[in-house]
1. Considering only the range 196-206, I want to know if a residue exists there that is in a loop (DSSP other than H, G, I, E, B), in contact (Cβ under 8 Å) with a residue 60 or more places away in the chain and charged (D, E, K, R).
2. Taking the range 60-80 as the region of interest, how many residues are more than 26 Å from the chain's Cα centre (by Cα) and not hydrophobic (A, V, I, L, M, F, W, C)?
3. Is the range 191-200 home to any residue that is out of contact with any Leu (no Cβ under 6 Å at 6 or more places or on another chain) and modelled with pLDDT under 85?
4. Report whether or not residue 90 is under 28 Å from the mean Cα position of the chain (by Cα) and surrounded by 15 or more Cβ atoms within 10 Å (Cβ to Cβ).
5. Would a scan of the range 74-86 turn up a residue that is assigned to a strand (DSSP E or B), touching a Phe, Trp or Tyr at 6+ places or on another chain (Cβ under 8 Å) and either touching a residue at least 12 places away in the same chain (Cβ under 8 Å) or closer than 19 Å to residue 175 by Cα (or both)?
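The values are calculated or read from the model by the stated rules, or taken from the named source; none is laboratory data. These figures come from a predicted structure and were not determined experimentally. Using ideal geometry, Cβ is built from the backbone for each residue, glycine included, and neighbour counts are taken over all protein chains shown.
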Amino acid sequence: MLRNLLILAIVAAFAGIVSAQKGIDTQTEKIKQDTNKQTSRPTDARRSIDWGKDKTKVRDALPNPYKFTARRDALVEMISQALQEKNILIDEAASRLKDGFVITQPFVFAKGPVTTQSELLRYGLVDYADTAWSRGQYTLTIEIQPVDAVHNNVSVIAKIEGRSGTGLTSEWRTVASSGLAEDEFLAKLVELVTGKSPDDQTPTDHR
């Protein structure tokens, strides 16, 4: 009798273990199903992110000459102010301010071989094989050209120069302008005359 009771107890215990294992399997299967449902959509890592196209846009160069709706005397004052804000001095002896003709003193935009090399490539079109540039400068010639009673064109010409040498001798060499110096000045002048900077306006889409 005792033996039979012992056998029944063992059978009952074994059945409980099996049942518990089935419960675990059922729960595990449910977890797997729920996980599959959650991962059926693309993950954040795989989901495409739209950062926008052509975020880095560069505006077109301003027209040169640039047409302003302003009197010549007012433009002369604005030109002087723009040069002053850019720390560029006017060559008083060579300029004729009353006639709307302004020539600046050379403005040094780069010093040192490393800085000059990169900046000279921005402001000028360098064709020289010599890369021992130690300084870069430009001189602006600004002229106001009347259109009618209320409109005037302002033209800007930049003379770009780089100082090069081998260490024993050095000289200033003129290189063709890339147009950057002229455009930077015109942008400042437009901002002063109109109150709006061209660099703050929506760039042209070049696509």
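1. To start, the set of residues in the range 196-206 that are in a loop (DSSP other than H, G, I, E, B) comprises 196-197, 201-206.
Next, only the ones that are in contact (Cβ under 8 Å) with a residue 60 or more places away in the chain stay: 201, 203-206.
Filter again for charged (D, E, K, R), leaving 205.
There is at least one residue in the range 196-206 that is in a loop (DSSP other than H, G, I, E, B), in contact (Cβ under 8 Å) with a residue 60 or more places away in the chain and charged (D, E, K, R).
2. 7
3. Within the range 191-200 (the criterion being out of contact with any Leu (no Cβ under 6 Å at 6 or more places or on another chain) and modelled with pLDDT under 85), the answer is yes, since at least one residue qualifies.
4. Working: under 28 Å from the mean Cα position of the chain (by Cα): no; surrounded by 15 or more Cβ atoms within 10 Å (Cβ to Cβ): yes.
When the stated conditions are applied, residue 90 does not pass them.
5. Step one: list which residues in the range 74-86 are assigned to a strand (DSSP E or B), which gives none.
No, the conditions are met nowhere in the range 74-86.
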